[in-house]
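Enquirer: Structure in structure tokens, see below.
Any read-out appearing in this document is the output of simple, stated calculations on the displayed coordinates, not a laboratory observation. Small disclaimer: the values here were computed from a predicted structure and weren't measured. Please note: Cβ atoms are built from the backbone with ideal geometry, for glycine as well, and neighbour counts cover all protein chains shown.
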Amino acid sequence: MTTGTGDRAVVAGASMAGLLAARVLAERCTRVTVVDRDALAEGPERPRRGVPQGGHLHALLGRGQQALEELLPGLTRELTGRGAPLGDQLGDTRMYFGGHRMARARSGLSLLCASRPLLEDAVRARVAATPGVDVVPRCALVGLEISADRRRVTGARVRRDGRDEEVITADLVVDATGRGSRIPTWLAALGLPAPAEERIRIGLGYATRVYRARPGALGGDLGIMCAPVPPHGRGGALAVLEGDRWMVTLIGVLGDHPPTDPAGFLDFARSLPHPDVRDALTSAEPLGDPAPFRFPAGVRRRYERVRELPEGLLVLGDAFCSFNPVYGQGMTVAALEALALRDQLRRRRPPQPLAFHRHVARVVDAPWELAVGGDLAFPGVEGRRTAKTRVLGAYVDRLHAAAETDAALATAFLRVAALVDPPTALVGPGTVLRVLRHGRHGRPSPGEGGAGPTTTTVPPAGPPSREDAPAPGRRG
Ligand SMILES: Cc1cc2nc3c(=O)[nH]c(=O)nc-3n(C[C@H](O)[C@H](O)[C@H](O)COP(=O)(O)OP(=O)(O)OC[C@H]3O[C@@H](n4cnc5c(N)ncnc54)[C@H](O)[C@@H]3O)c2cc1C
């Protein structure tokens, strides 16, 4: 029997979204059971089977670092204690946006260079140690238990260690099983409406190789970020990680994927529009072979439009929206969704699915539009392009060019890309004037003075408005 009070929760998926959700559920529920089909015991060195993307570069955006710290105070200090370098996102990274190298400045946004397995290991240990939370490995969610009138979830059907199915009684079931979530299929099988799905087919390919760090080779920098820029479509990134390692990820879109044989990998690095990654790799010692990852499309599921979801069923993380990873948004959005869950739990227990999913949709809106806008800048990506998209795309191109010499614009752009400020922050009158003063190619117009590269004032964020939000937030 469930009590209907939200006292018992089951979270499916012990990756970032599920763990962070469990953390906030434990503040209100007496018992939170987190199940994952993986063994979960592989340690922080290796990516695990259920999270194969863990072997590829995972940037933690500025807002994500803040949100993680809010959810798990002291996490940053713990990770730096375990060897993860800490710096400033703009001051310690060579960033190319839209093909332009951003002016250097202290942005005030922390850059935490932890590998994905280390980050997840630290988060999992803290969540598992939270009173009331049980993390159960090798336990797969295989279905939902719902009331006879199909209006309420009463539990989760699971299979432990491949044994027979059993039911964990719960009045809240949170699906955080990632992009491959089966909830839409199960809803349809129950005769309930499944969410509409939007897909942006980017045809992305990653290849990642880990190297022993070459001390001094980066001049003290902690990273290089050079994302694909239309029409070139190739990009690369390097991050200094714990254990004196470099992780190098090469990126190609629309089927132009980086090879995973060592010679092909290096050739691809040499073909990038900027030499930084290629130069860093000269005589660097590899610690393994390049590994591939394919990401066909960004997927957004519109749960916020499904009114008939059974009470007690919540969906978040990549199961709700899976972003093109080039923009580095997924973990940050997962942390912001956990904060949204905390807010909803404070209002009503158990949270009402429609209200919760509408809240999550508001969290997802800006990053999704930034990612979609960036993807649609590639002519080969299918999707609706409006006059507004084109005007804003041209504006952001000019902003990128201006940010080569204007540190305030570089910081303003980074704060939006890092999800700290809303996209509207880039179209306030002060910022627009500043961009226009630089002229078409980013140089200050004669007599205008422009902004010096040492200026670090960040324009204030305007009120969020979807109408005038710039779409393209390409990291490149
Ligand atoms: C190549 C790549 C690079 C990325 N780079 C970045 C980056 O730079 N920065 C960033 O913030 N994000 C990045 N992401 C996104 C990030 O990995 C995810 O957004 C993040 O892990 C949150 O996802 P999640 O917890 O919802 O799902 P996932 O991380 O996919 O985890 C799903 C979990 O559910 C478990 N599971 C699946 N099915 C079941 C089941 N039936 N029962 C029980 N358990 C189940 C899995 O074992 C797994 O533990 C990247 C993604 C990819 C693909």
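Enquirer: Given labels modelled 7 Å from the Cα in the Cβ direction, how far is it in nm from T282 to R46?
Expert: Each label point lies 7 Å from its Cα, and together they span 3.6 nm.
Enquirer: Order these by the 10 Å Cβ neighbour count, fewest first: I202, I183, I251.
Expert: Listing I202, I183, I251 from fewest to most nearby Cβ atoms yields I183, I202, I251.
Enquirer: Multiply the residue gap between A291 and T185 by 0.36 nm, knock off their C-alpha separation, and tell me the result in nm, one decimal place.
Expert: Here the segment from A291 to T185 would lengthen by 35.0 nm.
Enquirer: Let me ask you something else. Tell me, what HN-Hα J-couplings in whole Hz come from the Karplus equation 6.51 cos²θ - 1.76 cosθ + 1.60 at θ = phi - 60° for each residue of segment 142-155, using x for Gly and Pro?
Expert: Karplus values, whole Hz, x for Gly and Pro: 10, x, 10, 9, 10, 5, 4, 7, 6, 9, 8, 7, 10, x.
Enquirer: By per-residue mean of other Cβ atoms within 10 Å, what is the highest-first order of 312-319, 219-226, 417-424?
Expert: 312-319, 417-424, 219-226
Enquirer: Excluding D171 itself, calculate the net charge of residues whose Cβ lies under 13 Å from the Cβ of D171, where each Lys or Arg counts +1 and each Asp or Glu counts -1.
Expert: +4
Enquirer: Which value in nm describes the separation of the simple spin-label points at E382 and D267, placed 7 Å from the Cα toward the beta carbon?
Expert: Those two pseudo-labels are separated by 3.1 nm.
Enquirer: A further question on this structure: For the chain, with the dipole built from +1 on Lys and Arg beta-carbon atoms and -1 on Asp and Glu ones, taken about the Cα centre, which of A103, A366, L272 lies farthest toward the positive end?
Expert: It is A366.
Enquirer: Kindly work out what percent of the DSSP beta bridges joining two residues of the chain are antiparallel, to the nearest 5.
Expert: In the chain, DSSP labels about 70 percent of beta bridges as antiparallel.
Enquirer: Add +1 for every Lys or Arg and -1 for every Asp or Glu among the other residues with Cβ under 15 Å from the Cβ of L20, and state the total.
Expert: -3
Enquirer: With a 10 Å Cβ neighbour count serving as the proxy for reagent exposure, in which order, fewest first, do S110, S115, S181 appear?
Expert: Ascending number of Cβ neighbours within 10 Å: S110, S181, S115.
Enquirer: Give me the one-decimal nm value for the distance between modelled label points at A125 and R157, 7 Å along each residue's Cα-to-Cβ direction.
Expert: With each label point 7 Å from Cα toward Cβ, the separation is 3.8 nm.
Enquirer: Further question on the same structure: Take every Cα-Cα distance within segment 1-101, group them into 10 Å bins from 0 onward, and report for each bin the whole-number percent of pairs it holds.
Expert: Per 10 Å bin, starting at 0, the Cα pair percentages come out as 12, 32, 34, 16, 5, 1.
Enquirer: Additional query: Please report the net charge: other residues with Cβ closer than 11 Å to the Cβ of D88, K and R +1, D and E -1.
Expert: Computed value for this residue: 0.
Enquirer: Follow-up question, since we're still on this one. Going through the DSSP H helices of the chain, which span 24 Å or more along their own axis at the Cα atoms while scoring at least -0.5 as a mean Kyte-Doolittle hydropathy?
Expert: Qualifying helices, which must be both long enough and hydrophobic enough, are 330-347, 353-376.
Enquirer: Pairs of Cα atoms under 8 Å, at least six residues apart: use those to get the relative contact order of segment 200-296, whole percent.
Expert: Averaging sequence separation for qualifying contacts and normalising by length gives 42 percent for segment 200-296.
Enquirer: For segment 294-306, what does the Karplus curve 6.51 cos²θ - 1.76 cosθ + 1.60, with θ = phi - 60°, yield as ³J(HN,Hα) per residue in whole Hz, taken in order and with x for Gly and Pro?
Expert: 10, 10, x, 7, x, 10, 10, 9, 8, 4, 5, 9, 9
Enquirer: Across 10 Å bins from 0, what is the distribution of all Cα-Cα pair distances for the chain, in whole percents?
Expert: In whole percents, the pair-distance histogram is 4, 20, 30, 26, 15, 5, 1, 0.
Enquirer: Provide the FRET efficiency to the nearest 0.05 for the E70-L354 pair, computing r from the beta carbons and using R0 = 30 Å.
Expert: 0.70
Enquirer: How much mean residue ellipticity at 222 nm does the chain get from its helices, if each DSSP H run of length 4 or more adds -39500 (n - 2.57) and you divide by all residues, to the nearest 500 deg cm²/dmol?
Expert: After summing the helix terms and dividing by the residues of the chain, the value is -9000 deg cm²/dmol.
Enquirer: Further question on the same structure: Just in segment 274-381: which trypsin sites (Lys or Arg not before Pro) are loop by DSSP and have at most 11 other Cβ atoms within 10 Å?
Expert: Those satisfying the criteria are R307, R348.
Enquirer: Could you give the size of the charge dipole of the chain about its Cα centre, using +1 on the Cβ of each K and R and -1 on the Cβ of each D and E, expressed in debye and rounded to the nearest 20?
Expert: 740 debye
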